[in-house]
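Enquirer: This is the structure I want to talk about, given as C-alpha cells.
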Amino acid sequence: MSELLLELFSEEIPATMQQKAAVAYEEIFAKYFQEQTISFASIKSYVGPRRLTIHVTGIGAYISASKKEVKGPKTSAPENAIHGFCHSNGISKGLLSRQEIKGVEYFVYEQMTAEQQTKDILQKTLMDPISTYVWPKSMFWGDYQIKWVRPLRNIMCIFDGQTLDFKYGHLVANNKSFGHRFMSPEPFEVTNFAEYKQKLSDNFVVLDHFERKVYISKESNKIAAKMGLVIKEDNDLLEEVTGLVEYPQVLLGSIDQKFLSVPSEVLSSSMRSHQKYFSLFDQKGDFAPYFLFVSNIAATNPELVVQGNEKVLSARLSDALYFYNQDLKTKLNQKSQKLDKIIFHAKLGTVGDKVQRVAKIAEYLLPNNEDIVKAALVCKSDIVSEVVGEFPNLQGIMGYYYAKYESLNEDVAVAIRDHYKPQGPSDSCPTGIAAFLALADKIDSLCGLMLAGEKPSGSKDPFALRRQALGIVRIVLENELLVNISELVDVAVSGYSVYKKDANLCSASQIIEFLEDRMRHFLKDEYSHELVNAVLDLEKEPSLVNTKIKLDSLQRFVKEDAYTDLIIAYKRASNIVAGFVGKNEKINESLFDNNYEKNLYNFLQDYEPKIKAEIMAKNYSESLKMLAAMRAPISSFFDNVMVKVDNQIVANNRLLLLSKAKQIFDQIAKFDQL
C-alpha cells in the first residue's frame, strides 16, 4: 500500500483560520478519494503558520476496472439528441440498450472503465481538492491566476516515494520542502512522510499543531510553577499562539511596577490583544508583574529577546495607563451624558434612552432601593471611556473600577460590573442587586429588539436574543426571583410606547412565547419534553421559579404507583368530556342513582378547596398527593358507571361530574400532555 504526502507551502496563514482549514481539507480529500474510487486507510492534515500538509496512508496502487450505467435521453427523444449523447460518450447508437426507469423508457449506455494506476489519476486531478476549500479571506498575487489565503510559494507532492509533478497555477509540484524561515531556510528533499517529519524537526519546525500546543502549555506551566505563579487560563489565546510559531520557545518577562496602578483586566487585555502574551497571577489570584510569551526562534541570547518584548509591552501599557488616568478625570454621571449621542438601535433611540428605561424597570423589580436606580443610571457610562474604546470586552468591568474610584458603595459597583452577565452558558450569574439590574437590562433589550422586528430567524440571531432570553431564565431561576414574567414584559414594552411607529412589529404575548420557548430549551436536559409541556405555561403561571417547583413535584409524582392508574382515568375523563359544552351548569345530586357517583362527587366537594389552597400556597407536592387520593373513587366510577346513557339528563349530569374532576387536574398541569 502507498502513501500520499502533499505540502502547500505559503506565506503566513492567519492563525485563527488554520484549524478550520485543516479539518475541512481532511473532509475534502476523503470525499475526493471516494469519488475517484481510490481506496485509502487514513487521512491526516497538519497545519502551521507556513504550511498545510495532507498525509494519506494505505492507498491502493491501482483502481480496479469498473462498469457504470450512464442514462441517456428518452427513447422517444429527437434523433439529434440521441446522436449528441452518443457523440459526447464516443460511442455508436448500436451500443445503447433500452431500460424502463420509473415508467419511462430511456437509452442506457454501459460504460466500462479499465483498470488504472492510482498515480495517473492523482497526477491529473489533485489540483481539484486543493482548490475546493474556500478560505474566509483569500487573495490573488502577482499576475498568477490561482487564489489562496496567502501567496503559495511551493507545492511538494510525493506518492509511493516518487514525485507527482502536477501543475497548479504557476507552480509545479516537486519533492522539496523548507525549514524554519530564519534558522534553516534552505530547501531539502524528501521521499516519504517519516523522512519529511524528521527533516522538518532537524530544521527547527514542529509539524504537528497539537505537539506545539502541548509543548507551549507544559513549558509555560513549568516556568510559572518555578515562580510560584499560575497562568490565566485562556485556551483561545493558546490556540492562536500555537498557530503563530513553528518552533516555540517560551520565555518570561517582567512588567514595570508603575503600571500596576492600572486594573489587572486592562493589563491582561492589552497583553492579550496586542502582543499575544499570557498573564500571570499569584496563588491568591492577584495580578503578578510578569508575563509569558512564545518566541518563534531559539535565540543565542534570550535575554535580548526578553528585553525587546519588555520594551514593546512597556509602550503598550503606557497607552493603557494614559487612557485609564484620563478616564478617572470625569465621573460616571458626566460620562453618561454622552450616551445620548450613541445609537442603541435605529428604531429605538439612544443608549441614553435605554438607560432611563432600564432604571424604571429596575425600580419596578426592586422598589424603594436607591442603589439599584443609581447603578442603572450609570451602568453604561463606561462605554464612552477611553479604556473601553480600546478594549470593548471590558464594558462593565471598567465601570466597576470607576465607581470604586468615586467611592460608590460596593453593591452599586458590583451591579455595574455584573449587569452584562451571564454572557454565555459557561458564565456565572450575577447575585444581589446586580441580578435585578442584569434582568432589567436584558428584558429591555429583548423586548425592544423584538418590537423592532429583530426576532431570530432560523440560525440567524444577530442581536443574540436567544442568549439574552436564556440569561433572563438563568438569572430568575438561579436567584429564585419571584418575578411575574407577564407583568415584567408589560413594563418593559411600555417603555417603548414613544416608538410605536417603528416598534410595533411584535406583541407582548409573542415575547412571552419566545421566553417560554427559551425556558423549554433550558429545561430540556433536566426534564422530559412531555413533562415540560404539561407544566410550562407563562400565561397561567408567570413565575419561572414556581414553574420549576411544580416540575420537580410532578417529576417525583409520575414515578409513584398511583400515577399510572390516575393518568389513565384522567385521559378517559378527558376523552369523554371532549366537546362537552355544559360546563357552567351545576351538578344535580338528586340524579345520582349509585354510590360510585356519590363517592366521586363527595371527594370533589371535599378535596377541591383543599387542592386549590395548596396550589395557591405553591405546595405542589401536597396538592398532587391529594390528587392521588382521587384514584379510587374515579377508577370505581369508570368501572361501574356508564356515562352516556339514553337518559340525556342523567348523562349530562355525569358529564358535569367528570368535567369537574378534569378541571381539578388541569389546575395543576396539562395532564393530557403526559
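Enquirer: For the stretch 392-430, give me each residue that is over 30 Å from the mean Cα position of the chain (by Cα) and of a type in the set (Val, Ile, Thr).
Expert: Val412
Enquirer: I'd like the full set of residues that are of a type in the set (Val, Ile, Thr) and surrounded by 15 or more Cβ atoms within 10 Å (Cβ to Cβ), limited to the stretch 213-238.
Expert: Listed by number, the residues that qualify are Ile216, Ile223, Val230, Ile231.
Enquirer: State yes or no: is Ile121 in a helix (DSSP H, G or I), over 30 Å from Phe182 (Cα atoms) and among the aliphatic types (A, V, I, L, M)?
Expert: Criteria met by Ile121.
Enquirer: Among the numbered conditions (1) part of a loop (DSSP other than H, G, I, E, B); (2) surrounded by fewer than 19 Cβ atoms within 10 Å (Cβ to Cβ); (3) hydrophobic (A, V, I, L, M, F, W, C), tell me where Val205 comes up short.
Expert: Failed condition: (2).
Enquirer: May I ask you to verify whether Asp502 is assigned to a loop (DSSP other than H, G, I, E, B), charged (D, E, K, R) and over 20 Å from Ser428 (Cα atoms)?
Expert: The answer is yes for Asp502.
Enquirer: Name every residue in the stretch 425-471 that is over 19 Å from Val378 (Cβ atoms), assigned to a helix (DSSP H, G or I) and charged (D, E, K, R), in order of residue number.
Expert: Arg466, Arg467
Enquirer: Out of Val241, Val250, I need the residue that is crowded, with 20+ Cβ neighbours inside 10 Å, touching a strand residue (DSSP E or B) at 6+ places or on another chain (Cβ under 6 Å) and assigned to a helix (DSSP H, G or I). Which one?
Expert: None of the others qualify; the one that does is Val241.
Enquirer: Now for a different question. Given the structure, is Leu488 in contact with a His (Cβ under 8 Å, 6 or more places away or on another chain), in a helix (DSSP H, G or I), among the hydrophobic types (A, V, I, L, M, F, W, C) and crowded, with 17+ Cβ neighbours inside 10 Å?
Expert: no
Enquirer: To continue, here is another question. (1) touching a Ser or Thr at 6+ places or on another chain (Cβ under 8 Å); (2) farther than 19 Å from Asp441 by Cβ; (3) not β-branched (Val, Ile, Thr): which one isn't true of Gln275, the others all being true?
Expert: The failed condition is (1).
Enquirer: The conditions are (1) over 22 Å from the mean Cα position of the chain (by Cα); (2) within 19 Å of His345 (Cα to Cα); (3) of a type in the set (Val, Ile, Thr), and Ile511 fails exactly one of them. Which is it?
Expert: (1)
Enquirer: Here is a follow-up. Being aromatic (Phe, Trp, Tyr) and crowded, with 19+ Cβ neighbours inside 10 Å is the filter here; which residues of the stretch 319-357 pass it?
Expert: Within the stretch 319-357, Phe323, Tyr324, Phe344 qualify.
Enquirer: Please return the ranges of helices (runs of 4 or more DSSP H) entirely within the stretch 528-608 where 1 or more residues are among the hydroxyl-bearing types (Ser, Thr, Tyr).
Expert: Passing ranges, in order: 544-557, 561-577.
Enquirer: Just to check your reading of the model, which residue among Phe182, Phe188, Phe210 is surrounded by fewer than 20 Cβ atoms within 10 Å (Cβ to Cβ) and part of a helix (DSSP H, G or I)?
Expert: Phe210
Enquirer: Do the conditions hold for Leu470, that is, is it more than 17 Å from the chain's Cα centre (by Cα), at pLDDT 95 or above and under 20 Å from Tyr420 (Cα atoms)?
Expert: For Leu470, the condition - more than 17 Å from the chain's Cα centre (by Cα), at pLDDT 95 or above and under 20 Å from Tyr420 (Cα atoms) - is not met.
Enquirer: Being of a type outside the set (A, V, I, L, M) and closer than 15 Å to Ser279 by Cβ is the requirement here; does Asp208 meet it?
Expert: Considered against the rule, which asks whether it is of a type outside the set (A, V, I, L, M) and closer than 15 Å to Ser279 by Cβ, Asp208 comes out as no.
Enquirer: In the stretch 191-202, what residues are surrounded by 15 or more Cβ atoms within 10 Å (Cβ to Cβ) and of a type in the set (D, E, K, R)?
Expert: Correct list: Glu195, Lys197, Lys199.
Enquirer: Filtering the stretch 171-216 down to residues that are aliphatic (A, V, I, L, M) and more than 41 Å from the chain's Cα centre (by Cα), which residue is farthest from Gln249 (Cα to Cα)?
Expert: Among residues in the stretch 171-216 that are aliphatic (A, V, I, L, M) and more than 41 Å from the chain's Cα centre (by Cα), the one farthest from Gln249 (Cα to Cα) is Val172.
The values are calculated or read from the model by the stated rules, or taken from the named source; none is laboratory data. In this text, all values refer to a predicted model and were calculated from it rather than measured experimentally. Note that each Cβ is placed from the backbone with ideal geometry, even for glycine, and that neighbours are counted across all protein chains shown.
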